[in-house]
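Remarks on the structure that follows.
The values are calculated or read from the model by the stated rules, or taken from the named source; none is laboratory data. None of the values given here were measured: they were computed from a predicted structure. Positions of Cβ are generated from backbone atoms using ideal geometry, with glycine treated the same way; all protein chains shown enter the neighbour counts.
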Amino acid sequence: MRLFSTEQISKYHPDKFADQISDAILTECLSQDRDSHCGIETMVKDNTVVLGGEITTNAKVDYIDIVRRVASKLGYTVDAVINLIGKQSHEINEAVTSEKKIGAGDQGIMFGYATAETESRLPFGFDLANKIIAAIETDIDTNPNCPFKGDAKTQVTVDLDAEPTLDSVKTILVSVCHKQMATLDDVKAEVTKLIAGIFGEHELPELIINPSGTWTLGGPTADCGLTGRKIVCDQYGGYCAVGGGAFSGKDPTKVDRSATYMARHLACKLLDIYQLKWCEVQLGYAIGIAEPVSVVVKNDKNLPLEDYVRENYDLTPLGIIEKLNLLDRDYERLAEGCHFREALI
C-alpha cells in the first residue's frame with residue numbers, strides 16, 4: 001500500500017486572499033486596456049494590505065476600492081493600503097513587444113497534466129480535496145447556521161495502489177476556522193455532514209477534524225498572506241510536476257500563466273484524442289522569444305506526440321491568448337481555488 005496525501009485550501013485563506021486581490025487588479029486593468037502588462041504582488045497582514053510589482057497600462061484603477069471590495073467579499077476588513085506598484089522595466093517591455101509576435105514575458109518551464117480518473121481531469125485525491133473545500137465554502141455562503149468562518153484546509157490521503165474511487169480514501173483531514181460560539185463538537189458534526197454528503201452510500205474513511213483543537217482566529221490576523229504561495233494547490237495538488245512560477249497578478253503575456261494554461265489544455269485534448277489514461281505536457285520558453293524552446297509530452301502509452309503538438313497548435317503567447325481567450329477572463333474568480341477545477345481552461 002502506497003499512501004499519498006494532497007491538499008487544498010479555501011478562498012478565505014490569507015494566501016488566497018492575496019491572490020484574489022492581485023487578480024482582481026489584473027482583471028480591472030485588462031477590462032480597460034487589453035495591452036496591459038502586469039506583475040502584481042500582494043501581502044496581507046492584519047488589516048493592512050501591501051501592493052507591489054509592476055504595471056504598464058492606460059487603465060484608471062482604484063486600487064483601494066478593489067482591495068476593500070475583495071476583503072469585504074471574504075469577510076475581512078482593510079484599514080490601510082500601502083501601494084508600492086511601479087512600472088514595468090522598459091527592457092522587459094521591449095523584449096516582449098519588439099517582435100510582430102508577442103515574445104514570452106519571461107523564461108521558464110510550464111507543466112500541464114490530465115488524467116482520466118475524474119470528470120475534471122484532475123487526480124482523484126486532489127479532485128476530492130477540491131470538492132470538500134467547495135462544500136465548506138458553499139455551506140458558509142448559504143447556511144446561516146454554519147459554524148465556520150472560512151479560513152480552511154483539507155488534506156486527503158489515498159492508496160495509490162487501489163482503484164481511484166472513494167474506497168481508496170484512507171484519511172481526510174480538515175482544519176477550519178470557526179465562530180466563537182461554536183464548539184469543537186459543532187465543527188466536527190458539520191464537517192462530517194458535508195463529507196458524508198460527498199460520499200453518499202460509501203463508508204466514510206478516518207476523519208481528522210481540527211486536530212489542534214478550537215480555532216477561532218484565522219485569516220490575515222493569524223497568518224500573513226502572500227501572492228503565489230500556493231502554486232501546488234492552484235494546479236495539481238502534488239501529483240505531478242509544476243513550474244516554478246505563480247499565476248496570480250500576471251497578465252497572459254507572462255508564460256508562467258498562459259503557457260501553463262495551454263499545457264493543461266493540451267494534456268486534456270491529447271487525453272481524449274488518443275484515449276490515454278494520463279498525459280503530461282512540458283513547455284519551455286525564453287524571454288522575448290515567441291516560440292517555445294522545448295515541447296515534451298509524456299503519457300501512459302509512450303506515444304511520441306511532440307511533433308503533433310507543434311504542427312497543430314500555436315504555442316506563441318499571442319496564439320495561446322487567442323486560443324484560450326485569456327484577455328476576457330475573470331481572473332479573480334480563478335484565483336479562489338485550483339485554476340483547473342472547472343472546464344475553463
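Laid out as a table, the results:
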read-out	value
Counted residues, the range 136-165 - those being crowded, with 17+ Cβ neighbours inside 10 Å and not in a strand (DSSP E or B)	7
Per-region count, the range 249-280, residues in contact with a helix residue (DSSP H, G or I) (Cβ under 8 Å, 6 or more places away or on another chain) and hydrophobic (A, V, I, L, M, F, W, C)	8
Selection status of residue 280, assigned to a strand (DSSP E or B) and either surrounded by fewer than 14 Cβ atoms within 10 Å (Cβ to Cβ) or of a type in the set (Asp, Glu) (or both)	yes
Residue in the range 210-228 that is under 15 Å from the mean Cα position of the chain (by Cα), under 24 Å from residue 21 (Cβ atoms), part of a loop (DSSP other than H, G, I, E, B) and of a type outside the set (A, V, I, L, M) present	yes
Any chance residue 61 is within 19 Å of residue 336 (Cβ to Cβ) and among the hydrophobic types (A, V, I, L, M, F, W, C)	no
Single unsatisfied condition, residue 142 versus (1) without any contact (Cβ under 8 Å) to a residue 12 or more places away in the chain; (2) hydroxyl-bearing (Ser, Thr, Tyr); (3) closer than 12 Å to residue 9 by Cα	(3)
Tally, over the range 1-10, of residues that are surrounded by fewer than 22 Cβ atoms within 10 Å (Cβ to Cβ) and not aliphatic (A, V, I, L, M)	4
Which numbered condition residue 328 fails, given (1) within 17 Å of the chain's Cα centre (by Cα); (2) part of a loop (DSSP other than H, G, I, E, B)	(1)
Scan of the range 200-222 for residues that are buried (at least 16 other Cβ atoms within 10 Å of the Cβ) and not β-branched (Val, Ile, Thr), ordered by number	205, 210, 215, 218, 219, 220
Total residues in the range 140-199, condition of a type in the set (A, V, I, L, M) and under 25 Å from the mean Cα position of the chain (by Cα)	15
Qualifying residues in the range 174-189 (those that are surrounded by 15 or more Cβ atoms within 10 Å (Cβ to Cβ) and in contact with a strand residue (DSSP E or B) (Cβ under 7 Å, 6 or more places away or on another chain)) - the one farthest from residue 71 (Cα to Cα)	188
Single residue of 322, 291 found to be part of a loop (DSSP other than H, G, I, E, B) and either surrounded by fewer than 22 Cβ atoms within 10 Å (Cβ to Cβ) or out of contact with any strand residue (DSSP E or B) (no Cβ under 8 Å at 6 or more places or on another chain) (or both)	291
The one condition in (1) assigned to a strand (DSSP E or B); (2) at pLDDT below 95 that residue 176 fails to fulfil	(2)
Subset of the range 245-265 [out of contact with any Cys (no Cβ under 8 Å at 6 or more places or on another chain) and either basic (Lys, Arg) or free of Cβ contacts under 8 Å to residues at least 12 places away in the same chain (or both)]	254, 257, 264
Qualifying position, being touching a Phe, Trp or Tyr at 6+ places or on another chain (Cβ under 7 Å) and free of Cβ contacts under 8 Å to residues at least 12 places away in the same chain, among 293, 242	293
